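Every number here is computed from the coordinates shown, using simple stated rules; none is lab data. Quantities reported herein were computed from a predicted structural model and do not represent experimental measurements. Cβ coordinates were reconstructed from backbone atoms using ideal geometry, including for glycine residues, and neighbour counts include every protein chain displayed.
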Amino acid sequence: MKPFYQKLVASPTQSVIFYNEEKPHFTVPWHFHPEIEILYVVKSSGICYTGDGIHRFTEGEISIIGENVPHWWKSDNKYLEQGEGNGIKALIIQFRKEIFDANFINLNEMRGIRELIGKSQRSIQFKGKSRKILGDQILKIFKLKGIKRITELIILLDMMAKAKEFDYHSSEGYSRMINSYDFSRFNSVHEYIIRNFARPITLQEISEQANICSTAFCRYFKKHTGRTFVTFLNEIRIGYACKLLIEERYPVNIACLESGFNNLAHFNKSFKRIFHLSPTEYIKEHGLNEKVIRNYSDVGVIALNDQPVL
């Protein structure tokens, strides 16, 4: 399934969309739109797929997502269950870069915002103390109306441009793909991986998604992402495993299986390559107590079958 194009409709009096979203859970699937999006997750948690990246989001998450970048915020299962107090809350600002006149955006004083808009093609997740500062500014904006909202939005973008604590959601290679002629084919491959990473995916199977032979696909994928297909697939799987380990309290061996690995030694090696920590060390880094940690094990090998899988 390709990401669907989402047409956002502003009122005749709005150039920028300000949306206070309160509902049981995030409902919009894999999608994109020409508007740049600022998202402040006031209440929710889950997994975010943005471009070719995957990360865990929790309350307080603040991100800026560039124009036409496919994304999908998927709430945890607890938000899918009906019950009092289970709903999510998010503050969303969406605007097109064209709201800034060419002469205005090219002012020296706008350099930081100009660069931020360019960097947003990789999508940015703010971290640390920056989240609190930016969150307070977003809350301030939503209490205002009219031109005051716009002036405070410019201040918010300037604050984002100056923030030092952030991570990129997507790779540089993927951001270059978004506006290229080949984006549709590459995105179909990427979306297929997102949908199926928890099960074995053969090289022939994924090559068919791109309508090219296996050998050509390996070159194609490396060219566009700077990573091999297997490396990319493992990164997606490890990202999902982190959610299972920290949020769902899964034992390491079960998280290994549920995220698509068929060998615990391979899982441990891949995990350490990405985070420079073993799964157990990662659990400790996130402050779980010793009683919980003793229920985890990252020693040994699980061999599910004799067939090599990706």
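Please report 45, 184, 170, 207 as a ranked list, fewest other C-beta atoms within 10 angstrom at the top and most at the bottom.
Final ranking by Cβ density, sparse to dense: 184, 45, 207, 170.
Could you bin all the Cα-Cα distances of region 4-172 into 10 Å bins starting at 0 and give me the percent of pairs in each, rounded to whole numbers?
10, 40, 39, 11, 1, 0
Using the Karplus curve 6.51 cos²θ - 1.76 cosθ + 1.60 with θ = phi - 60°, what ³J(HN,Hα) values do you get for each residue of region 121-126, in whole Hz, with x for Gly and Pro?
Using θ = phi - 60°, the values come out as 5, 9, 6, 10, 10, 8 Hz.
Can you list the HN-Hα couplings for region 160-169, worked out from phi with the Karplus curve (6.51, -1.76, 1.60; θ = phi - 60°), rounded to whole Hz and with x for Gly and Pro?
Per residue, the Karplus-derived 3J(HN,Hα) values read 4, 5, 8, 4, 9, 9, 7, 10, 8, 6 Hz.
In straight Cα distance, which aspartates and glutamates are under 17 Å from residue 223, not counting same-chain residues fewer than 8 positions off?
Leaving aside aspartates and glutamates fewer than 8 places away in the same chain, those within reach of residue 223 are 52, 172, 182.
Taking the Cβ of each residue in 213, 256, 242 as the centre, tally the other Cβ atoms inside 10 Å and list the residues starting with the fewest.
Starting with the residue having the fewest Cβ neighbours, the order is 213, 242, 256.
What length, rounded to one decimal in nm, is gained on full extension from residue 275 through to residue 15, with 0.36 nm per residue of separation minus their alpha-carbon distance? Write out the running numbers ahead of the final one.
Details: separation 260, 0.36 × 260 = 93.60 nm, distance 4.16 nm.
My answer for the length gained is 89.4 nm.
Counting only DSSP beta bridges with both residues in region 4-172, what percent are antiparallel, rounded to the nearest 5?
Once the DSSP bridges in region 4-172 are tallied, antiparallel ones form about 95 percent.
Excluding same-chain residues fewer than 8 positions from residue 140, which aspartates and glutamates have a Cα within less than 14 Å of its Cα?
Counting by Cα, and skipping residues close in sequence, residue 140 has these aspartates and glutamates nearby: 152.
Name the long-range amide H neighbours of residue 166: under 5 Å, sequence gap of 5 or more, or other chain; modelled H, no Pro or chain starts.
Amide H to amide H, under 5 Å and 5 or more residues apart or across chains, residue 166 pairs with 127.
With 20 Å as the limit, write out which pairs from 143/164; 132/164; 127/272; 74/284 have Cα-Cα distances beyond it, or answer none. List each step's numbers first, then the result.
On the way: 143/164 27 Å; 132/164 13 Å; 127/272 22 Å; 74/284 26 Å.
The pairs that break the limit, which is 20 Å between Cα atoms, are 143/164; 127/272; 74/284.
Going by how many other Cβ atoms sit within 10 Å of their own, how do 50, 151 line up, fewest first?
151, 50
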